[in-house]
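See structure below.
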Amino acid sequence: MHVGHESGHGHSHVKSLDLSTRDGVRALKVGVAGLGFTTAFQVLLLLLSGSVALLGDTLHNGVDVIGTAMVWVAFIVTKRRKTTRFGYGYHRLEDLAGLAVVALIAASALFVIYESARAFGDSPAIQRPWLVLLAGVVGFIGNEAVAQYKLRVGKRIDSAALVADGQHSRADGLTSLGVVAAAAGIMLGQPRIDAAVGLAIGVLIGWAAYSSGREVILRLLDHGDPEVRHQLEHAAESVAGFDHINKLRLRHSGRTVHLVAHVCMPSAYSLVQAHDVAEELRAAWLHVLPPASVVDVHADPFDRETGAPHLKEAAHSH
Ligand SMILES: [Zn+2]
Ligand SMILES: [Zn+2]
Ligand SMILES: [Zn+2]
Ligand SMILES: [Zn+2]
C-alpha cells in the first residue's frame with residue numbers, strides 16, 4: 001500500500017508558507033534594490049577610474065544582484081499551482097536558477113583574475129584614485145546596510161536562509177574595504193596593490209563559485225542532507241504503532257524535500273490501522289521539513305517472530 005495524499009487529512013503547511021514568504025520576498029526586494037543602487041554607482045566610478053580591484057568588487061556585487069533576482073523569479077514560479085503533469089510542483093527551477101548563477105559567478109571570477117594578472121604586468125595608470133576610495137566606501141556601506149536589514153528580518157521570521165544571506169552581504173561589505181585599501185595604495189604610488197586586491201577578490205569569487213556550485217550540483221544529483229535525515233529519524237521516535245523503519249529515502253528539490261519511507265508494521269494490522277500510523281508519521285515528518293515538502297509512507301507487513309517479509313521484500317522492488 002502506498003499512503004501519501006497531498007491534500008486532505010487536515011494537515012497543511014500552506015499558511016506558514018504564505019506568511020514567511022511575504023516577509024522573505026519583501027526582504028529580497030529591498031536587498032536587490034539596495035545592492036542594485038550600490039552596484040550602479042560603482043559601475044560609474046569604475047568607468048571613470050579603471051581599477052581592477054574595483055572591477056572585482058563591482059562584478060561581485062552585480063552578480064549578487066542578478067543572482068538574487070533570478071532566484072526570486074524562480075521562487076515566484078514555484079508558487080504556481082501544481083498540475084497533473086508537474087505533480088511535484090516547480091521547485092527544481094530554483095536549483096536550475098542556482099546552477100545558472102554559479103556559472104555566472106565562475107565566469108566573473110575568471111574574468112577578474114585574468115584582468116588582475118594583466119594589471120600586474122602592465123601597471124596601467126589609474127585615474128582619480130579618490131573615486132576608487134569613494135566606490136569602496138559606498139560598497140561597504142551599501143552591503144552592510146543590506147546585511148543588517150536581512151539579519152533583522154531573518155531573525156524575526158526565523159529564516160535560516162535569510163540570516164545566511166545577511167551574513168553573505170556582511171562579508172561582501174568587508175570585501176569592499178579591500179577596494180579602499182587598493183585606493184590607498186594607488187594614492188601612495190603603489191598601483192600594484194590594486195592588482196593584488198583585484199586578484200584576491202577574484203580568488204574569493206572563485207571560491208564562492210566552487211562552494212555554491214558543489215551544493216547546487218549535489219541537490220540536482222538527488223543527494224539527501226544527512227542532517228535532515230537525522231532530524232527525520234528523531235521525529236519518528238515520537239510516533240508509536242510501528243516496528244521499525246525499513247528505508248528512508250530523501251532528496252531536495254529547491255527549498256522542499258521529497259521523502260519516501262518504508263515502515264514495517266505488525267502483519268495483523270487492518271488497512272485502517274496501518275494508514276493511521278502512516279499518517280501520524282507523515283504529519284511528524286512534515287512538521288520538521290520545509291513548507292511544501294512531500295512525504296510518502298509505504299507500510300510493510302512485519303512479523304516479529306519470523307522476521308518476514310524482509311526476505312520477500314528483496315524479491316519485489318518498491
Ligand atoms: Zn491517506
Ligand atoms: Zn557576494
Ligand atoms: Zn522491516
Ligand atoms: Zn511492501
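What follows draws every value from the coordinates through simple rules; no lab data is involved. Only a predicted model underlies this, so the values are computations on that prediction, with no experimental measurement involved. In this analysis, Cβ positions are derived from the backbone assuming ideal geometry, glycine residues included, and neighbour counts consider all displayed protein chains.
Quick notes on this structure:
- Using every pair of distinct Cα positions in the chain, the Kirkwood expression returns a hydrodynamic radius of 22.4 angstrom.
- Degrees separating the helix 52-78 axis from the principal Cα axis of the chain, which is the longest one: 30 degrees
- The trypsin sites (Lys or Arg not before Pro) of the stretch 16-106 that DSSP puts in a loop, and whose beta carbon has at most 11 other beta carbons within 10 Å, are 80, 81, 85.
- Taking other residues whose beta carbon is less than 15 angstrom from the beta carbon of residue 240, and scoring Lys, Arg as +1 and Asp, Glu as -1, yields -4.
- At most 13 other Cβ within 10 Å, DSSP loop - chymotrypsin sites (Phe, Trp or Tyr not before Pro), the stretch 29-90: 86
- For the set 150/247; 155/247; 82/150, the pairs lying more than 32 angstrom apart at their alpha carbons are 150/247; 155/247.
- Between the helical axis of 226-236 and the longest alpha-carbon principal axis of the chain there is an angle of about 30 degrees.
- Under the simplified labelling scheme, the residue 79-residue 222 pair shows an inter-label distance of 3.0 nm, with each label point 7 Å from Cα along Cα→Cβ.
- Cross-link partners of residue 79 among aspartates and glutamates (Cα-Cα below 20 Å; sequence separation of 8 or more within a chain): 6, 18, 23, 94, 95
- In order along the stretch 209-224, the Karplus-derived 3J(HN,Hα) couplings, from 6.51 cos²θ - 1.76 cosθ + 1.60 at θ = phi - 60°, round to 5, 5, 6, 6, x, 4, 5, 5, 5, 4, 4, 5, 8, 6, 6, x Hz, and Gly and Pro are given as x.
- Kirkwood-Stokes translational diffusion coefficient of the stretch 226-315, alpha-carbon pairs, 20 °C, 1.002 mPa s, µm²/s: 158 µm²/s
- Gap separating the Cα centres of the stretch 57-77 and the stretch 128-151, nearest whole Å: 18 Å
- Relative to the longest principal axis of the Cα atoms of the chain, the long axis of helix 160-187 lies at roughly 20 degrees.
- Neighbour cut-off at most 12 other Cβ (10 Å), DSSP loop, GluC sites (Glu not before Pro), the stretch 175-276: 237
- Here the calculated FRET efficiency for residue 231 and residue 137, from their Cβ-Cβ distance with R0 = 51 Å, stands at 0.75, rounded to the nearest 0.05.
- q = 0.15, 0.18, 0.19, 0.20 Å⁻¹: log10 I(q)/I(0) that the Debye formula gives for the stretch 111-233, counting C-alpha atoms only: -0.82, -1.00, -1.05, -1.11
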